[in-house]
1. What's the center-to-center distance, using Cα atoms, between the range 280-315 and the range 69-92 in Å?
2. Just check the chain against the gyration tensor rule for me: Cα atoms, a ≥ b ≥ c as the square roots of the eigenvalues, rounded for a/c under 1.5, and otherwise prolate or oblate depending on whether a/b exceeds b/c.
3. Which of Thr267, Gln96, Asn221 sits closest to the plus end of the dipole of the range 27-312, meaning its Cα is farthest towards the positive end, when Lys and Arg get +1 and Asp and Glu get -1 on the C-beta?
4. How would you classify the range 115-255 from its alpha-carbon gyration tensor, with a ≥ b ≥ c the square roots of the eigenvalues: rounded for a/c under 1.5, else prolate if a/b is greater than b/c, otherwise oblate?
5. Between Asn94 and Phe197, what is 0.36 nm times their sequence separation minus the Cα-Cα distance? Round to one decimal in nm.
6. Rounded, prolate or oblate: which one fits the range 67-198, using the alpha carbon gyration tensor with axes a ≥ b ≥ c (rounded when a/c is under 1.5, else prolate when a/b beats b/c, else oblate)?
7. Of the candidates Thr69, Thr239, Thr58, which one comes out as most mobile in a Gaussian network treatment of the chain with C-alpha springs shorter than 10 Å?
8. Within the chain, how many Lys pairs that are eight or more residues apart, or on different chains, come under 28 Å at the alpha-carbon?
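No value in this document is a laboratory result; all are computed from the given coordinates. Small disclaimer: the values here were computed from a predicted structure and weren't measured. Ideal geometry is used to build each Cβ from the backbone, glycine not excepted, and the neighbour counts take in all protein chains shown.
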Amino acid sequence: MPSAFPKLLALTVLSCLFLTSAQGQESFMVVEAHSGKVLVASNASAKRPVASLTKIATGAVAVDWSVATGTDLGTLRITVPQTITLVGGPNPMNLQPGDSLTMRDALYSALLGSDNLAALTIADHVGREMLTGRSKDGEPVAEFVGEMNRLAKAIGMTQTRFANVHGLERKDARAHSTAADIARLSIYAMRRNAFNFIVRQPDRQVTVYGPGGTRSYRVRNTNELIGQPGILGIKTGTTAAAGPCVAVCMDRQPLIRQKPDGTKGVTPRRLIVVVLNNPDRFNRARGLIHQGWAVYDPWLAAGAPFRDRRREFLTVPDPS
């Protein structure tokens, strides 16, 4: 009787080839943020690393915490922890353990310059405050990451797991998300005025306070689309596993239309574009912005029809 091993081996090889191919594909989604209408998507539910797009969640949790506690981001001074020595990646402010800076400047460096050490400093401070407020013991950054995952669950990011606050891959702590889930997160984060203001800046002067005095740095936004009409941010990311990624937000002027009763109706218009694993991510995002509006405009003009709301729209609740 012929052995089944050759057939099983062939199926295993084919499965591995398929998975490798799927992981190598780009993923993208274009959604109108106010209606939740999905306009264009491909491979949008595929789980994959998302690199520094993770910091969208880091920034959103920090801003939510500041609002909930009445904390002024511009005056709160936070201290760089000893644990930054364990993190690699960009360090545009040359942060050293014991340095301090305002929470706002840390957010500028984390969200504009993709500074991993600034992200860790934010998480260490906010996580410590969360533990105190909850009368808990624990590791502050782990508490903060737990809050990132609680936020993800609350807004419907069912295919996402965050393992750290910066997005670097670690063998012992794998993380993943999808283009659709990052679109949800982007919609949520851009509703926050402080977050929205930070990520739209082309650059920002920040100050670090250290043993030798103050140091000033100009942190530049890594998003090449910033400065183009209507572009509001939001974040870039690149690692070997994730490939080049970008999430972009674009606003158009609200559409004002005459209603049958003679009153005027105002329709706000905001596009969220997420591109994962594309070496030409910025040009890809430009093309998807154009494509997204080309789908949205006639859809809205036709009365915003739909057949299956669950499949055709992203619903992003506001748990705060």
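1. Here the two parts' Cα centres lie 37 Å apart.
2. Working: a/c = 1.79, a/b = 1.12, b/c = 1.59.
It is oblate, given that a/c is not under 1.5 and a/b is not larger than b/c.
3. Thr267
4. Numbers: a/c = 1.56, a/b = 1.13, b/c = 1.39.
Cα axes put the range 115-255 in the oblate bin.
5. Gain on stretching Asn94 to Phe197: 34.6 nm.
6. Working: a/c = 1.31, a/b = 1.22, b/c = 1.07.
Since a/c stays below 1.5, the shape of the range 67-198 is classed as rounded.
7. Top of the fluctuation ranking is Thr69.
8. Lysine pair count for the chain: 18.
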